[in-house]
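Read the structure below first, then the notes.
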Amino acid sequence: MTETVHYAAPGRINLIGEHTDYNQGFALPIALPERTEVTYRPDGGDAVVVRSADEAGEVTIPLDTARGAVRGWAAYVAGVVWALRDAGHSVPGGEMSISSGVEMGSGLASSAALECAALGALATAAGLSIGRVEQARLAQRAENEYVGAPTGLMDQLASLCGEPRHALLIDFLDDGVRPVPFDPAAAGVVLLLINSMAPHQHAGGEYAARRTACERAAADLGVTSLRDVQDRGEDALRGIADPVDARRARHVLTENRRVADVVAALGAGDYASVGRIFTASHASMRDDFEITTPHIDLIADTAVRAGALGARMTGGGFGGCVIALVAHERWTEVADAVRRAVAAAGHHAPSIALTEAGAGAGPSEMPNRA
């Protein structure tokens, strides 16, 4: 029997490119330093027994689990078991322990981190060799078809393919991934991660509604996805019948262009321009895609007024986190201004930290303490 496996996968921040993945567009995420760690002990049984340091009790997942049979946090592990077996891979039974440094509900892809860590541990225990993109697709199937959350592929690709001091330019037309240097510290700039402490939840109707609106817009234009009209720009919007669907499509088309502009600015080391594009992206998410909240808007707007180069919500929306690019010497000033504004509005105090691009999923050097 294979010996105990230790495997870890990070959460992610999306620098720019929100709700573009399921529209076959572009995104530019980074992997976070924070990781979900999994320890797996194969025992030759017919189930995976899973425990989490953050949850009481244990959940038994039969190896022949059917879609939707397991609910709650363990469904993400069950979904990976199901996706692997459905793809024809063997999965050894055993005991899995989980501990996570990726905060749940914050919009930092905690579910993808869990999926990718569990998948890596199970594949290693089974002696499987599965490419990174295929791993991402299996993890996405777990989330889409087993859990029932209609997410795109960005979170899994970012978690699996991340590199220190690099962002990942993802082209969802072919799931290609290209590292792009992202080292703001070298330019005297920091990346602030501001957790609003308002839970980010997209497994329900709002995320699905945005995806459906994009699909209707593409159907009105006679194409399979909005990517097919990217070169036509905003002129294409005139062919969309519903004005709300047209606004949703405008966000996608302009957001794809903003991704390209950020990549160009990073290539020139121009973080001031990157910041301005961040702020424009937030306005598009607020006005065209309507996925921000007044609480999130307050944080982003306050950061910019206090001197940030730019700020935007990151993640699927309706809560979660804001990122801001700030000159190193001003970041504490910006952070204090955000704390004061949030307190004055009566919200819970945000969590504010400096962050950077980290490594992708892989074997863990430290045993899981769960």
Sole exception among (1) surrounded by 18 or more Cβ atoms within 10 Å (Cβ to Cβ); (2) over 24 Å from D231 (Cβ atoms); (3) modelled with pLDDT of 95 or more for G317, by number:
(3)
I'd like the full set of residues that are under 30 Å from T212 (Cα atoms) and assigned to a loop (DSSP other than H, G, I, E, B), limited to the stretch 22-72.
Q24, G25, T65, A66, R67, G68, A69, V70, R71
Restricting to the stretch 22-42, and then to whatever is among the hydroxyl-bearing types (S, T, Y) and at pLDDT 95 or above, can you tell me which residue is surrounded by the fewest Cβ atoms within 10 Å (Cβ to Cβ)?
T39
Tell me whether the stretch 197-206 contains one or more residues that are in a helix (DSSP H, G or I), closer than 28 Å to A75 by Cα and touching a residue at least 12 places away in the same chain (Cβ under 8 Å).
yes
How many of the residues in the stretch 125-146 are among the β-branched types (V, I, T) and more than 16 Å from the chain's Cα centre (by Cα)?
1
Which condition number in (1) assigned to a helix (DSSP H, G or I); (2) more than 20 Å from I170 (Cβ to Cβ) is the one that T292 fails?
(1)
Is it fair to say A217 is out of contact with any Cys (no Cβ under 7 Å at 6 or more places or on another chain), among the aliphatic types (A, V, I, L, M), under 25 Å from R178 (Cβ atoms) and without any contact (Cβ under 8 Å) to a residue 60 or more places away in the chain?
no
The correct count of residues that are assigned to a loop (DSSP other than H, G, I, E, B) and without any contact (Cβ under 8 Å) to a residue 60 or more places away in the chain in the stretch 225-278 is 5
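In the stretch 134-172, what residues are among the hydrophobic types (A, V, I, L, M, F, W, C) and more than 24 Å from H89 (Cβ to Cβ)?
Keep residues of the stretch 134-172 that are among the hydrophobic types (A, V, I, L, M, F, W, C), which gives 136, 138-139, 142, 147, 149, 153-154, 157-158, 160-161, 167-170, 172.
Those that are among the hydrophobic types (A, V, I, L, M, F, W, C) and more than 24 Å from H89 (Cβ to Cβ): A167, L168, L169, I170, F172.
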Residue among G93, G101, G79, G45 that alone is touching a residue at least 24 places away in the same chain (Cβ under 8 Å), buried (at least 17 other Cβ atoms within 10 Å of the Cβ) and in contact with a strand residue (DSSP E or B) (Cβ under 8 Å, 6 or more places away or on another chain):
G93
Here is a list: G346, G310. Which entry is farther than 29 Å from S100 by Cβ and either within 24 Å of the chain's Cα centre (by Cα) or in contact (Cβ under 8 Å) with a residue 60 or more places away in the chain (or both)?
G310
Being on the phi < 0 side of the Ramachandran plot, among the small types (G, A, S), at pLDDT 95 or above and touching a strand residue (DSSP E or B) at 6+ places or on another chain (Cβ under 6 Å), is that true of even one residue in the stretch 284-298?
no
Are any of the residues in the stretch 14-21 crowded, with 23+ Cβ neighbours inside 10 Å, in a loop (DSSP other than H, G, I, E, B) and polar (S, T, N, Q)?
yes
Residues located in the stretch 73-106, provided they are part of a loop (DSSP other than H, G, I, E, B), closer than 30 Å to S351 by Cβ and of a type outside the set (G, A, S)
V102, E103, M104
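The values are calculated or read from the model by the stated rules, or taken from the named source; none is laboratory data. For clarity, every value in this text was computed on a predicted model and none was experimentally measured. Positions of Cβ are backbone-derived with ideal geometry, glycine not excepted, and every protein chain shown enters the neighbour counts.
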